[in-house]
Amino acid sequence: MPSAKSPPNVLIRCPNPWGVPEHPHVFPHRQRGARETLAVALGITAAIGVVEVLGALLSNSLALLGDAVHNFVDTTALAIALASLSVTMRAPSRRQTFGYHRAEVLGAWVNGIVLLVVAAYIAVRAVDRLFRPEVVQGPVMLGIAVLGLAVNGVALAFLRSFRATSIGARGAFLHVLSDAVTSVGVIVAGVLVWQFDAPLADPAVAVLIVAFIVRGAVGLLRDSGRILMESAPSEVEEQAVRRLLTSEPAVRGVHDIHLWSLTSGVNALTAHVEVGEMPLAEAVALKERLKAKLEGAGVRHVVLEVDTR
């Protein structure tokens, strides 16, 4: 008659750990509306970005060009948020066993590099203009900036209702809000250039906008770089996970913990859990309890090896 106890080093895995059907919470129904809203906001911000680039060329305004680039930062943020909601619908394949989560991370990293290059160009031009002012078409600059502020307001209205139900929409809302703030700065510069003949206001505001761009680019590079280097996610501490696993009385120790992110907000963990001898059914129940605790702590994909020696 077979023993009721499990053999040593039983590898107990979550069933179908990378399959979407096993994790309906990855893409809840309420996020579909958020995805459509993000798509609309993405189209709006991308369109105004193109208009601002054309306006910058017509008005010779560096501040407006900087605002256009900052707008594209927000457009990228919207695209990443939209991708994060959409990518989980693609099932993993035999070649892509983790799915396609890293695609948006690679895109964010490349985008950060491009933004720094563009920011450096605008900064050099702005410093040059501070010493050698150029003529700026104030009315054109002001008109495009007002249009940009209005369009950002429309995008904010679309995103507001979903910022409480989708973390992607909430982040995108904050990005678009920051772009609206920079548009106000361009409007102020446009008024100073047009009404008070102060051409230095344009490069001065451009420098401030460059600071916003650099801040966003550095954040993109930092966060995407951590994921690509498979660092532990900032929102989940390894020591906290260790304490959570050992909170079960049956767990004697934990080792070989590996904690990383597939993409922003999609965390994974593998670990060895040491327990005493116990029936297989109890070991399975223990694993399920630990898995539930880890999911509550923000770790979605879990593989535990339960050592019963």
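Nothing in this text is a laboratory measurement; each read-out follows from the coordinates by a stated rule. As the structure is a prediction and not an experimental result, all values here were calculated from the model. Cβ: placed from backbone, ideal geometry, glycine included. Neighbour counts: every protein chain shown.
Equivalent ellipsoid of the stretch 234-307: semi-axes from √(5λ) of the C-alpha gyration tensor, largest first, are 22, 12, 10 Å. Normalised radius of gyration (Cα atoms, divided by 2.2 N^0.38 Å) for the stretch 180-301: 1.84.
The Cβ shell under 12 Å around V73 holds other residues with a net charge of -2, Lys and Arg each +1, Asp and Glu each -1. Here the residues T263, T270, T45, ranked from fewest to most Cβ neighbours within 10 Å of their Cβ, fall in the order T270, T263, T45.
Apply 1/(1 + (r/R0)^6) to the Cβ-Cβ distance of L174 and E237, taking R0 = 22 Å, and write down the FRET efficiency to the nearest 0.05. Mind dumping the intermediate values first?
Numbers: r = 24 Å, r/R0 = 1.11.
The calculated FRET efficiency here is 0.35.
Packing order of peptides 186-195, 113-122, highest average first: 186-195, 113-122 (average count of other Cβ atoms within 10 Å over each peptide's residues). Sorted into 5 angstrom bins from 0, the C-alpha pair distances of the stretch 108-235 split as 2, 10, 15, 16, 18, 15, 10, 7, 4, 2, 0 percent. In terms of other Cβ atoms within 10 Å, M229, M141, M278 run from fewest to most in the order M229, M278, M141. Along the charge dipole of the stretch 139-285, pointing to its positive end and built from +1/-1 on Cβ of Lys, Arg, Asp and Glu, which listed residue (L200, I227, V241) has its Cα farthest out? Among L200, I227, V241, the one farthest towards the positive end of the dipole of the stretch 139-285 is L200. Remark: F173, F212, F98 ranked as F98, F212, F173, counting other beta-carbon atoms within 10 Å and listing the fewest first.
Taking amide H as placed 1.01 Å from N in the peptide plane, V266 has no amide H partner under 5 Å among residues 5 or more places away or on another chain.
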